[in-house]
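Q: Next up is a structure, given as structure tokens.
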Amino acid sequence: MPKVNLTVNGKPVSADIEARTLLVTMLRETLKLTGTHVGCDTSQCGACVVHVDGKAVKSCTMLAVQADGARVVTIEGLATDGTLHPMQEAFRENHGLQCGFCTPGMIMTAVDLVNREGNELDEHAIREGLEGNLCRCTGYHNIVKSIAAGARAMKGKRRAA
Amino acid sequence: MYNFEFHRPTTVDEALRHLKADEAKLLAGGQTLLPTMKQRLAAPKHVVDLGGVTGLSTIDHKGGSLVMGKAGGTVLRGGTLTIGALTTHAQVANSNEVKESLPALASLAGGIGDPAVRNRGTIGGSIANNDPAADYPAACLALGATVVTNKREIAADDFFTGLFETALEPDELILRVVFTAPGRAGYAKFRNPASRYAIVGVFVAERQGEVRVAVTGAGQSGVFRVPAMEAALAKKFDASAVDGIRVDASDLVSDIHAQADYRAHLIGVMAKRAVQMAA
């Protein structure tokens, strides 16, 4: 079986896995990082979004072996020493989630959006940035509000994630 | 997904050697191949991942001249744009060289899928797959692009041969796509809101009085040109020139998203929008 070496949330990990193992499966089942969710398993819903070498990807549509040597950040990698990441805090403050299933993907996509487009995001930019993330509870309104607030709160706090 | 033997070459030659294996498939960004394998519609015995091959994700612009940009200042227009096969949609969408020399192509790339898909999907993967609703085939055909492989150069007119079919031979690999910048070009897409694939997409390109119009999303054999619109737009490059020109619906796709006659109507509407957007 192929051996995969990754840096996940700053820690080096390695595993012998079948070539067909999806990145999300390795994260959830091998590394027990169950914060990354599988919603649709067809690259539509975005619940599985993680960052690979600094870019948001759908981890249900990437093989773990393709990520060999890469730096992966999951939702578990955002908070530091028990303090929520500003984007996580903004979702909490603005009621940006109801059932919470889509939230890890929403937050990873949001942080990627801020990294690409900066801290002042208008509603249009946020809604376009969320095209690949589905939420079946909130109607998106408070998610958009959360991301605008989280983006501003990230100012000066940009990190590897 | 059925299991397979995985290969991660670092050079094109090494990739081609692995490709000779029985039932081998090339994997670029994987945004189509992996979902297809999950559904067991594809079950290759060997998967050759191109992710480790360097030098195939470059964007190179040569020639052209400085002209006044719409937003003031000068931009480099014209010339030749060479895009490596492994260049992602996000790279094309965000490249200043593409935005200046071929803005319609940058905007097309920025409208594929969603941000995460654009971070993985590649131009080479898209055209090699030749999905009848993909965006890039329309751009390649309308712009008269040249597909450069390890063996030869293939004109876009000869490259897209049918539904999910191309002129590529089993041991052939796309290295890059070469676009000669047009005078002006525009792409308008009526997209499926869930998949963001084109229900109808029309790419219009004008170069020294010659116009090419390519349609994706609608044809039963994939991307195709509309000679009647090309002739009318060559006489007068204005949206009104397309009035009254109707593509025969009997050659178009009908599915749960749109009937053939509706697609025929949309081709006219999207062609007009593409002309209006042309820059």
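The values are calculated or read from the model by the stated rules, or taken from the named source; none is laboratory data. Since the structure is predicted, the reported quantities are computational estimates derived from the model, not experimental observations. Every residue, glycine among them, receives a Cβ derived from its backbone with ideal geometry; neighbour counts consider all protein chains shown. Just so you know, the surface numbers come from the protein's heavy atoms only, side chains and all, with ligands and any DNA or RNA stripped out. Shrake-Rupley method; radii C 1.70, N 1.55, O 1.52, S 1.80 Å.
Q: List the number of the failed condition for A:Q88; all other conditions in (1) over 20 Å from B:R118 (Cβ atoms); (2) open to solvent by 20 Å² or more (accessible area, probe 1.4 Å); (3) not in a helix (DSSP H, G or I) hold.
A: With (1) over 20 Å from B:R118 (Cβ atoms); (2) open to solvent by 20 Å² or more (accessible area, probe 1.4 Å); (3) not in a helix (DSSP H, G or I) applied to A:Q88, the lone miss is (3).
Table: residues versus (1) surrounded by 17 or more Cβ atoms within 10 Å (Cβ to Cβ); (2) within 26 Å of B:D114 (Cα to Cα); (3) away from chain A (no Cβ under 14 Å); (4) among the aliphatic types (A, V, I, L, M).
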site: B:E230; (1), (2), (3), (4): yes, no, yes, no
site: B:F237; (1), (2), (3), (4): no, no, yes, no
site: B:D248; (1), (2), (3), (4): no, no, yes, no
site: B:L266; (1), (2), (3), (4): yes, yes, yes, yes
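Q: Got a number for residues in the range B:100-122 being assigned to a loop (DSSP other than H, G, I, E, B) and facing chain A (nearest Cβ under 9 Å)?
A: 4
Q: Restricting to the range A:91-106, give me the number of residues that are open to solvent by 10 Å² or more (accessible area, probe 1.4 Å), under 17 Å from A:C135 (Cα atoms) and either without any contact (Cβ under 8 Å) to a residue 60 or more places away in the chain or small (G, A, S) (or both). Before you say what the answer is, go through the steps one by one.
A: Looking only at the range A:91-106, we keep the residues that are open to solvent by 10 Å² or more (accessible area, probe 1.4 Å), and these are A:92-95, A:97-104.
Filter once more, so that each one left must be under 17 Å from A:C135 (Cα atoms): A:92, A:94-95, A:97-104.
Now restrict to residues that are either without any contact (Cβ under 8 Å) to a residue 60 or more places away in the chain or small (G, A, S) (or both): A:92, A:94-95, A:97-100, A:103.
Result for the range A:91-106: 8.
Q: Which residues, taken from the range A:5-19, are at the interface with another protein chain (Cβ under 10 Å from one of its Cβ atoms) and either touching a helix residue (DSSP H, G or I) at 6+ places or on another chain (Cβ under 8 Å) or at pLDDT below 95 (or both)?
A: Residue satisfying the conditions is A:A19 alone.
Q: Can you name every residue in the range A:29-58 that is surrounded by 15 or more Cβ atoms within 10 Å (Cβ to Cβ), touching a residue at least 40 places away in the same chain (Cβ under 8 Å), hydrophobic (A, V, I, L, M, F, W, C) and within 13 Å of another protein chain (Cβ to nearest Cβ)?
A: Hits for the range A:29-58 are A:C45, A:A47, A:C48, A:V49, A:V50, A:A56.
Q: Among the residues that make up the range B:38-47, is at least one of them within 12 Å of another protein chain (Cβ to nearest Cβ), touching a Lys or Arg at 6+ places or on another chain (Cβ under 7 Å) and crowded, with 21+ Cβ neighbours inside 10 Å?
A: Yes, the conditions are met somewhere in the range B:38-47.
Q: Looking at B:P193, is it modelled with pLDDT under 95, surrounded by fewer than 24 Cβ atoms within 10 Å (Cβ to Cβ) and not small (G, A, S)? Give the derivation first.
A: Values: modelled with pLDDT under 95: yes; surrounded by fewer than 24 Cβ atoms within 10 Å (Cβ to Cβ): yes; not small (G, A, S): yes.
Criteria met by B:P193.
Q: Determine whether the range B:182-190 contains at least one residue that is more than 14 Å from chain A (Cβ to nearest Cβ), open to solvent by 40 Å² or more (accessible area, probe 1.4 Å) and under 26 Å from B:A249 (Cα atoms). Before you say what the answer is, go through the steps one by one.
A: Our first condition is that a residue be more than 14 Å from chain A (Cβ to nearest Cβ); within the range B:182-190, this holds for B:182-188, B:190.
After this cut, where a residue has to be open to solvent by 40 Å² or more (accessible area, probe 1.4 Å) as well, the list is B:183-184, B:190.
Next, only the ones that are under 26 Å from B:A249 (Cα atoms) stay: B:190.
Yes, there is a match, as at least one residue in the range B:182-190 is more than 14 Å from chain A (Cβ to nearest Cβ), open to solvent by 40 Å² or more (accessible area, probe 1.4 Å) and under 26 Å from B:A249 (Cα atoms).
Q: Which number in (1) touching a Cys at 6+ places or on another chain (Cβ under 9 Å); (2) open to solvent by 40 Å² or more (accessible area, probe 1.4 Å); (3) assigned to a loop (DSSP other than H, G, I, E, B) marks the one condition that A:E18 misses?
A: Here A:E18 meets the rest and fails (1).
Q: For the range A:114-123, which positions are touching a residue at least 40 places away in the same chain (Cβ under 8 Å) and either surrounded by 22 or more Cβ atoms within 10 Å (Cβ to Cβ) or over 20 Å from A:N9 (Cα atoms) (or both)?
A: A:V114 - this is the single residue of the range A:114-123 that is touching a residue at least 40 places away in the same chain (Cβ under 8 Å) and either surrounded by 22 or more Cβ atoms within 10 Å (Cβ to Cβ) or over 20 Å from A:N9 (Cα atoms) (or both).
Q: Still on this structure, please answer the following. Could you list, in sequence order, all residues of the range B:123-155 that are more than 23 Å from B:S95 (Cα to Cα) and of a type in the set (G, A, S)?
A: Within the range B:123-155, B:A133, B:A155 meet the criteria.
Q: Have a look at B:A116, B:A133 and point out the one that is out of contact with any Cys (no Cβ under 6 Å at 6 or more places or on another chain), among the hydrophobic types (A, V, I, L, M, F, W, C), farther than 17 Å from B:V98 by Cβ and without any contact (Cβ under 8 Å) to a residue 24 or more places away in the chain.
A: B:A116
Q: Please determine whether any residue of the range B:6-15 is within 14 Å of another protein chain (Cβ to nearest Cβ), touching a helix residue (DSSP H, G or I) at 6+ places or on another chain (Cβ under 8 Å) and either open to solvent by 60 Å² or more (accessible area, probe 1.4 Å) or of a type in the set (G, A, S) (or both).
A: yes
Q: Looking at this structure, is B:T87 more than 13 Å from every other protein chain (Cβ to nearest Cβ), among the polar types (S, T, N, Q), farther than 25 Å from A:C45 by Cβ and touching a helix residue (DSSP H, G or I) at 6+ places or on another chain (Cβ under 9 Å)?
A: Judged against the criteria, B:T87 is a match.
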